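Q: Here it is, the structure in full.
The values are calculated or read from the model by the stated rules, or taken from the named source; none is laboratory data. Every value quoted in this text rests on a predicted model; they were computed, and no experiment measured them. When we count neighbours, we look across all protein chains shown, and the Cβ atoms used for this are built from the backbone with ideal geometry, even at glycine.
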Amino acid sequence: MNKILSTTSGPIGTLTFNNPERHNAMSLDMWREAATVLEALESDPALRVIVLTGAGGKAFVSGADISKFEDERATLEAVTEYNAAVDRFSTALLSGTKPTIAMIRGFCVGGGVGIAVCCDLRIANDAARFAVPAAKLGLGYGYENVRRIVDLVGPSFATEMLLTACQFDAVEAARAGLVNRVVPDADIDHTVRELAETIAGNAPLTIQAVKRILRESHRESPDVAACDALVRKCFESADYQEGRRAFMKKRKPEFRGV
């Protein structure tokens, strides 16, 4: 069974973590395959938004597949190799130009939280549960992983989440800012699709500029010149002219990313 699925529908690509019998727990091979699939979706010029979700309806990603720890994370060398695969996937998520939406049903635990916070937006169903159980497993949780959570929810909630290793429900996660929105499970597919289509209809160059500026804003030494160049590219684009004309004529713009 292919444990990472890839589908496309119009301008929207979907990556599905497909290990439902283990609540979509991630193995080393899955991390590697997920990075390859995500990179392919990112390079597809027909796509404008990427949705990440889990198969089975009970989990987004429930963390690492603990049953494989003895094979994949038993030694320092093995841990280094495993972490490199995780970092490759995380880097692909963080550095991509296409907006990403995590559609979260059920458990979002450990590495699942790590994936979700690398996405641009997070929509959860009302049954979603969030936790980072590293402290209950004796795992080291690295600087970048901690920083991303702190950047999103602030130090107070991040500290409670990491020190207690407790689960938080969808309402608590939304209150803390860990997710953008909580919706009934029956509505989540429609909600995410509508959100993705809205984003896909916007100007790609503007989206790319915003994503880069947001990314640079978290760095100690942001590349302001690169951000300015992307903003300038927007104003010099045919899409800017199209946006102005469409606004004046009160019609929907047709952006082409040029």
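Q: Given the criteria surrounded by fewer than 24 Cβ atoms within 10 Å (Cβ to Cβ) and on the phi < 0 side of the Ramachandran plot, does A85 qualify?
A: Values: surrounded by fewer than 24 Cβ atoms within 10 Å (Cβ to Cβ): yes; on the phi < 0 side of the Ramachandran plot: yes.
Answer is yes for this residue.
Q: So A186 clears everything in (1) closer than 20 Å to V51 by Cβ; (2) assigned to a helix (DSSP H, G or I); (3) within 20 Å of the chain's Cα centre (by Cα); (4) of a type in the set (A, V, I, L, M, F, W, C) except one condition, right? Which one?
A: Condition not satisfied by A186: (3).
Q: Next question. Output the residues belonging to the stretch 190-204 that are over 23 Å from E254 (Cβ atoms) and in contact with a strand residue (DSSP E or B) (Cβ under 8 Å, 6 or more places away or on another chain). Quick ask: steps written out before the conclusion?
A: Taking the stretch 190-204 and keeping what is over 23 Å from E254 (Cβ atoms), we get 190-192.
Result: T191, V192.
Q: Where in the stretch 75-166 are there strands (runs of 3 or more DSSP E), lying wholly inside it, with at least 2 residues that are among the β-branched types (V, I, T) and under 18 Å from V192 (Cβ atoms)?
A: Fully inside the stretch 75-166 and qualifying: 100-104.
Q: Shifting gears a bit: Condition test on A174, is it over 16 Å from H23 (Cβ atoms), outside any strand (DSSP E or B) and in the same structural domain as A92 (by TED's automatic domain parsing)? Please lay out each step first, then the result.
A: Working: over 16 Å from H23 (Cβ atoms): yes; outside any strand (DSSP E or B): yes; in the same structural domain as A92 (by TED's automatic domain parsing): yes.
For A174, the condition - over 16 Å from H23 (Cβ atoms), outside any strand (DSSP E or B) and in the same structural domain as A92 (by TED's automatic domain parsing) - is met.
Q: Examine the stretch 65-80 for a residue that is outside the structural domain of Q208 (by TED's automatic domain parsing), basic (K, R) and at pLDDT 95 or above, and state whether such a residue exists.
A: Of all residues in the stretch 65-80, those outside the structural domain of Q208 (by TED's automatic domain parsing) come to 65-80.
Next cut, basic (K, R) only: 68, 73.
Add one more test, that the residue is at pLDDT 95 or above, and what stays is none.
Scanning the stretch 65-80 turns up no residue that is outside the structural domain of Q208 (by TED's automatic domain parsing), basic (K, R) and at pLDDT 95 or above.
Q: Another one. Please go through (1) more than 20 Å from E197 (Cα to Cα); (2) part of a loop (DSSP other than H, G, I, E, B); (3) out of contact with any strand residue (DSSP E or B) (no Cβ under 9 Å at 6 or more places or on another chain) for N24 and return the number of the only condition it doesn't satisfy.
A: Result: N24 passes all but (3).
Q: Based on this model, can you work out whether K211 counts as basic (K, R), in a helix (DSSP H, G or I), touching a residue at least 12 places away in the same chain (Cβ under 8 Å) and buried (at least 18 other Cβ atoms within 10 Å of the Cβ)?
A: Working: basic (K, R): yes; in a helix (DSSP H, G or I): yes; touching a residue at least 12 places away in the same chain (Cβ under 8 Å): yes; buried (at least 18 other Cβ atoms within 10 Å of the Cβ): yes.
Against the criterion (basic (K, R), in a helix (DSSP H, G or I), touching a residue at least 12 places away in the same chain (Cβ under 8 Å) and buried (at least 18 other Cβ atoms within 10 Å of the Cβ)), K211 qualifies.
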